[in-house]
Every structure is written in C-alpha cells, then in structure tokens.
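Down below is the structure, laid out as structure tokens.
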Amino acid sequence: MKFDIILGLIILTFVVFIIRHFHYTLKLRSFGKANGCKPVIRWPLKDPLLGLDYWWALNQAAKRRRLLDWIRHQYDKYGTTYYTRLHITNVISTCDPENIKAMHTTRFEDFALDNRRELAFLPLLGRHSVLLANGHEWEQKRAMLRPSFSKEQYTNTLLYERHVSRLIGNVKSAPECKIDLAHQFLCLTVDITSEVMFDKSIELLKDDKYDLLDNMTNSAEGGHAAWLLVWLTKFVRQPVYHNSVKHVRKFMQLYVVDDAIAYSNKVAMGGHTDFKVNKSLPRQENSRLPRPIYLEAVAKATDDPTVMLDELTTILFAGRDTTAALMTNLFFLISRHPHVWTRIRADVGFLEGSKPTHEQLKGMDYLQACLKETLRLLPVIPLNTRMAIRDTVLPRGGGPDGQSPIVVPAGTHIAFHVTALHRRPELWGDDAEEYKPERWESMKANWVCNVLALLKSIPPPFTDTFTLADLTSHISPLLMYSLGVSTDHRESNLQKHQPFGMGPRNCPGQHLSLAEAAYTTCRLAQEFKEVKPLEYGPWEELISLTCTSASGAQVQMVPA
C-alpha cells in the first residue's frame, strides 16, 4: 500500500513536470515568434545531457594555455553565436558585438552575474564583493565605489611618481638591467592601488615581507581553475587555492580592515574623521588635499568586519590585476617590436626629462594608441559570462546565416569572448592578428575627415568663423551621432573594442588603469632607450581574474 502511494506520487510528479515543460516550450515558441527569432546554431554535442565532451575539450585547451585560441576556433567553425551545454547549464557562446551590446545596455535588466562565477570566487572575494553582487545590492556598492575613481584620483601623477620612481630604481639595480617586469608591475599596482584606496601603501616594491604577492597570484589563478571546473568545484579539493586565500584575507584583516574598524568607531562616536591611516609616510608626503578614500567610504557604510574584508580585498585585486596585466602584455609586445619603443620615446621627448602631467599624457597620441592596441590584441578580460534572469532575446545568432534574433530562456548562461571580438577580420581588417598601434592613428584621422566633411556641408554664414573645435563643442553629441559622426573618435569603435566592457557594469577603474599604465610607460621611456627581450617564445595565456603573459615580460632595459 505504502509502495503504491510512493509510486503514484512519483508518476504524478513526472506527469506534472512533463506538462509544465510542454507548456513552457509552447510559451517560448510563441515568445520567439513574436520577436522574429530563429533557432540558434548548436555545437555538435556527443553528450547532450551534461555536455561533458564540450567541457573536456575546453579544459584540455586551458591546460595547454590555448583556451582563447580554442574558443576562437569554435567561432570559426560554428559562427559567432552558438548553443552548447556545460554540466546542467544551457550556454550560449557569442562574440557578436550586437549581442554583447544588448547584454550590457539595451537589455541590461534581463541579465545578471551568473552563479558559476560566485561559486568559483566566493572563497577569495566573499559574498559581499561588488564583483559578485547583483541588483539593488550591486547598485549600492557601485555608487559607494564611484567617487574613489574620480578624476582627482586618476590625475594624481604625484602619487604615481612616488611608486614609479621606486620601480625605475629596482630596474636599474638589477644585474645588467635584466628583469621580469611582470613581477615589478604587480608590486607597483598593489602599492598604487592600496595608497589610492586605503590611503596606505603596502609598499611591495620595497619588500614583500608578507609573501603577499605569491599568495594573491595563487588565489586569482585558483579562482579561475575553480571556474573551469563549473559545478565540480564543489567536490574537487584545491588546497593551494584555499591556503593562499586564507593568507591573503588574514593579511587584509590585519593590515587594512583593522584601520577601517577604527575609523568606523570614530565615526560612530562622532569623533574627528580626518583620519590618516598611513603613518609610515613622511609628513610632507602624507599630507594631501581632500580626496575620496574607499576605505573610509566602506567604514562609514558598515561596521561589519566581514563586509569590510570582502569589499577591501576585492578592490585591491581589481586594481592590481587589471593594470599589471595591461603593462605586462604591453612590454611583452614592445620587446618584440623595437620600432614601437622608438616612437614612444619620440612621443615623450618634448618633456625633456620633466615629469608628465595627466593632460600631457592624454596628448601623447602614439603612447595612447599603444595602450589601445595592446588591449585590443591581448585584452585583460578576454572572456566573461552573464545569466538571463528572465526569458529574453539577443539580436543575432538565429537562422542559417546567424543574423536573426534568438530566444534566451531564463537561467541560460551567456559566455562572451572579447579576444575573439577584437580579432575578427571583418571588423579590424586582414591584419587583425598583428600588433599595429598605427591603426588607431588612422582611425582618428578618418574621424577628423568625417567631421570636416560635415563642416563643409553646413552652408554659410554659419561656417564663416566656425572651426573644428567650435563644431565639436557646440553641436550636441546626439546630433553628431545621428549624422554618423561621433564627438569622440572612439565612439565609432565602442562596440568592436570593449577591453573594459560597456554599459552600467563597465569597469569603473578604467581611467585609473590607463593613467597608471601611461604614466609608467612614459617614465620608463624617459629612463631607458631600448627594451630587449630575454626570451623569444610566443605569447601564452595566463588566466586568473585577468589575462596576462604566462612568461611575464622578461627584458633587458638599456639606460638612456
């Protein structure tokens, strides 16, 4: 009798599931038809239930440090958008700029960060991290973070100089100036980020007495390894990852969070909040004009030490990895393209040895082109994911030609790949695989020609005394865009060049990262006349929170 009841319940549950699934399928079909959707191309899975063959191929490519090339090869075979499956998750993989734009802007509300990322990086960043947050919680954290990336922060070249001069000293003190710049850049970005965000530099360029750098690197790489495991990360032990996470978070607790707690207590007691945590700097260096300090913002927002730890650990990793990866990739490429270094030195020559201001750095067109081209060829965030939180649509990927919209059911993960986008020949030309900073100069020249053509089309007397500067400052950006001319030459390339993302969830620290990289490169160009490679192997990926050269940037710097 009891067995019959249990069997009946099982059968009833199965029948209800089938009916609901059938009803949902009809609903999706009707939804797709109303939006003009067509079927998406499917990756030829041998295991359509768990997608183990796709997962295995992906992981084998990652072990060979060829994951990015493997992903691009899939797009060459199956088109720029295709469906696959990873364990129990439906996945749509895309490098189509229209789809990426839709997720980031026009259909932003339909997508959120996926739980796969949270599962992988939760031990390191914590559940209160802005990088793992969604919805209203993310909006609050983003708003709290925004002032710390204000213009007064990223234009603070005096702060950069304190640390870059130390890096230059380290290079000059190395035997024959032979050095792996990747290590130095990681130390530099930790030092700058910690001073900008905590008002207290960790000073790894002086001495990594805490073994912090290796533990941060092992933690970031371990998080990526967990991400590749997908749901198996719950069952696979990663002792190096978890041990390194333990050391990093312990350091952050003692070195930074305790200061945040002290500041929070002062605020709670109504005490004076002009609180200087950086006791190690000389008085003249420690004194500063008022500027936003992220540690203080966090301490005002919460008195929970765990929340403080998660927030402050996240920002240190974000500030370290992005800029260090950019500069490592840049100098890896420069060492193999000596003419690029010659032109950079010519670009900074007008300074005659004086330290550059932020405005002067912005005016160094070739240096800026080198940064853009490095981020195009070797983006520091080469792949990313989102999850549909409701039934929605992406504009491309359907039909035999892949140009029709596709239905994206709720719960589907979208994997999008910036490296593949940045190397599409139809977007960048037949030389898309080459490192050519000059392409950005030609893009800017084309923009100027377009504006001049528009200027000539305006009849007198409006153009009698109008200059190009007048045009770009008086005509609204919306009108310029509608006429096919952007007020910024980068606008026309925004969809195909996305090193920092776009829309509400773009990287808030992109201006700080680019300013650090530009300042450091400029100062190194002033001090060293050549950058010679110490190894000649091809670039290989090292993916963690970001992507950089697996061999670092092993170079010999020749003093000027």
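The values are calculated or read from the model by the stated rules, or taken from the named source; none is laboratory data. Note that this is a predicted model, so its numbers are computed, not measured. All Cβ positions, even for glycine, are placed from backbone atoms using ideal geometry, and neighbour counts span all protein chains on display.
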Residue match in the stretch 128-139 (condition: assigned by TED's automatic domain parsing to the domain that holds Ala515, among the aliphatic types (A, V, I, L, M) and assigned to a helix (DSSP H, G or I)): no
Selection status of Leu28, closer than 25 Å to Arg116 by Cβ, touching a residue at least 60 places away in the same chain (Cβ under 8 Å) and not assigned by TED's automatic domain parsing to the domain that holds Val407: yes
Neighbours by Cβ (under 6 Å, 6+ apart or cross-chain): first from the stretch 31-46, closer than 14 Å to Asn90 by Cβ and exposed (fewer than 15 other Cβ atoms within 10 Å of the Cβ); second hydroxyl-bearing (Ser, Thr, Tyr) and modelled with pLDDT of 95 or more: Arg42/Tyr83
Test: residue in the stretch 522-530 that is within 26 Å of the chain's Cα centre (by Cα), assigned to a loop (DSSP other than H, G, I, E, B) and among the charged types (D, E, K, R): no
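Look through Asp96, Asp110, Asp114 and report the one residue that is buried (at least 20 other Cβ atoms within 10 Å of the Cβ), farther than 20 Å from His224 by Cα and among the charged types (D, E, K, R).
Among Asp96, Asp110, Asp114, only Asp96 is buried (at least 20 other Cβ atoms within 10 Å of the Cβ), farther than 20 Å from His224 by Cα and among the charged types (D, E, K, R).
Mind checking which residues of the stretch 326-378 are of a type in the set (Gly, Ala, Ser) and within 19 Å of the chain's Cα centre (by Cα)?
Let us first name the residues in the stretch 326-378 that are of a type in the set (Gly, Ala, Ser), namely 335, 346, 349, 353-354, 363, 369.
Passing the criteria: only Ala369.
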Sole exception among (1) part of a helix (DSSP H, G or I); (2) more than 18 Å from the chain's Cα centre (by Cα); (3) more than 24 Å from Leu58 (Cα to Cα); (4) of a type outside the set (D, E, K, R) for Ile71, by number: (3)
Every residue from the stretch 329-358 that is in contact (Cβ under 8 Å) with a residue 12 or more places away in the chain and under 17 Å from His163 (Cα atoms): Lys355, Pro356, Thr357, His358
Residue among Leu205, Leu281, Leu289 that is modelled with pLDDT of 95 or more and part of a loop (DSSP other than H, G, I, E, B): Leu205
Residues (part of a loop (DSSP other than H, G, I, E, B), touching a strand residue (DSSP E or B) at 6+ places or on another chain (Cβ under 6 Å), modelled with pLDDT of 95 or more and on the phi < 0 side of the Ramachandran plot) located in the stretch 545-560: Ala550
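For Thr157, state whether it is at pLDDT 95 or above, under 19 Å from Thr548 (Cα atoms) and in contact with a helix residue (DSSP H, G or I) (Cβ under 7 Å, 6 or more places away or on another chain).
Details: at pLDDT 95 or above: yes; under 19 Å from Thr548 (Cα atoms): no; in contact with a helix residue (DSSP H, G or I) (Cβ under 7 Å, 6 or more places away or on another chain): yes.
No: the conditions fail for Thr157.
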Residue check for Lys101: among the charged types (D, E, K, R) and within 29 Å of Leu421 (Cβ to Cβ): yes
